[in-house]
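To start, the structure itself, in structure tokens.
The values are calculated or read from the model by the stated rules, or taken from the named source; none is laboratory data. Keep in mind that this is a model prediction, so the values were computed, not measured. Cβ sites come from the backbone with ideal geometry, for glycine too, and all protein chains shown count toward neighbours.
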Amino acid sequence: MITHNHREIFRLLAVGPLILALGCAANLGCREAAKGPPRVILQSSAKSKITVKVEVVSRNEDRAKGLMFRQKMASDAGMLFVYQHDDDHSFWMKNTFIPLDLIFITSNMRVVGIAENTKPLSTTHISIKTSSRYILEVNAGFAKKHKIREGSQVIFEGFDPTR
């Protein structure tokens with residue numbers, strides 16, 4: 001005999017996967033992939049999608065070092081700085097030998113600003129004076145070449161930035 005409590009359990013078992021799927025879909029711009037390196041996908045103003053293989057840094061000591069002391073970076077590579085809170089994040093190029101574009105991304109997965117062609121080894125602070133949650137560092141000229149602009153949509157694949 002199936003009691004009222006049993007019916008409720010069966011209902012939850014039937015609806016549970018749907019609730020889980022909707023919850024995953026609500027995680028704006030985040031899709032975990034089974035394989036492959038972490039990636040950031042940017043939609044250009046020309047509606048094409050550009051994939052960047054990224055190193056994800058979320059610990060203070062890793063963010064402090066960033067791309068310091070590196071001599072080169074692949075054209076399809078970058079470093080994604082992950083913060084727990086939106087803020088007006090500031091960077092510098094001390095001990096960074098590669099000229100970079102810094103792409104500032106909101107928690108709503110949109111580009112909110114770009115600092116293009118930053119000067120290597122500079123200790124001048126770089127900021128866009130707007131809150132962001134993530135900053136993607138790529139080789140200088142990347143944003144212009146791929147027509148990345150404020151408002152461009154961003155998707156993360158292969159990792160969950162909230163972990």
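Looking only at the stretch 34-53, decide whether some residue is surrounded by 13 or more Cβ atoms within 10 Å (Cβ to Cβ), modelled with pLDDT under 95 and either under 12 Å from the mean Cα position of the chain (by Cα) or part of a loop (DSSP other than H, G, I, E, B) (or both). The answer is yes; a qualifying residue exists.
Restrict the check to the stretch 97-106 and report whether at least one residue is among the hydroxyl-bearing types (Ser, Thr, Tyr), under 15 Å from Val154 (Cβ atoms) and buried (at least 17 other Cβ atoms within 10 Å of the Cβ). Scanning the stretch 97-106 turns up at least one residue that is among the hydroxyl-bearing types (Ser, Thr, Tyr), under 15 Å from Val154 (Cβ atoms) and buried (at least 17 other Cβ atoms within 10 Å of the Cβ). The residues of the stretch 108-125 that are surrounded by 17 or more Cβ atoms within 10 Å (Cβ to Cβ), out of contact with any Gly (no Cβ under 8 Å at 6 or more places or on another chain) and not small (Gly, Ala, Ser), listed by number, are Val112, Ile114, Thr118.
Let's see how each residue does on (1) of a type outside the set (D, E, K, R); (2) touching a Pro at 6+ places or on another chain (Cβ under 8 Å):
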residue	(1), (2)
Val57	yes, no
Glu61	no, no
His89	yes, no
Met93	yes, yes
Leu102	yes, no
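Taking every residue in the stretch 122-133 that is at pLDDT 95 or above and pairing it with any residue that is among the acidic types (Asp, Glu) and not in a loop (DSSP other than H, G, I, E, B), at least 6 positions away or on another chain, the pairs with Cβ-Cβ distances below 7 Å are Ser131/Asp86; Ser131/Asp87; Ser132/Asp86; Arg133/Asp86.
Residue count for the stretch 62-107, restricted to those that are under 14 Å from the mean Cα position of the chain (by Cα) and of a type in the set (Phe, Trp, Tyr): 3.
Taking each residue of the stretch 138-163 that is under 18 Å from Arg39 (Cα atoms) and looking for partners that are of a type in the set (D, E, K, R) and surrounded by 15 or more Cβ atoms within 10 Å (Cβ to Cβ) with beta-carbon atoms closer than 6 Å, six or more apart or interchain, yields Val138/Asp101; Phe142/Asp101; Ala143/Asp101; Ala143/Glu116; Glu157/Arg31; Glu157/Arg39; Gly158/Arg39.
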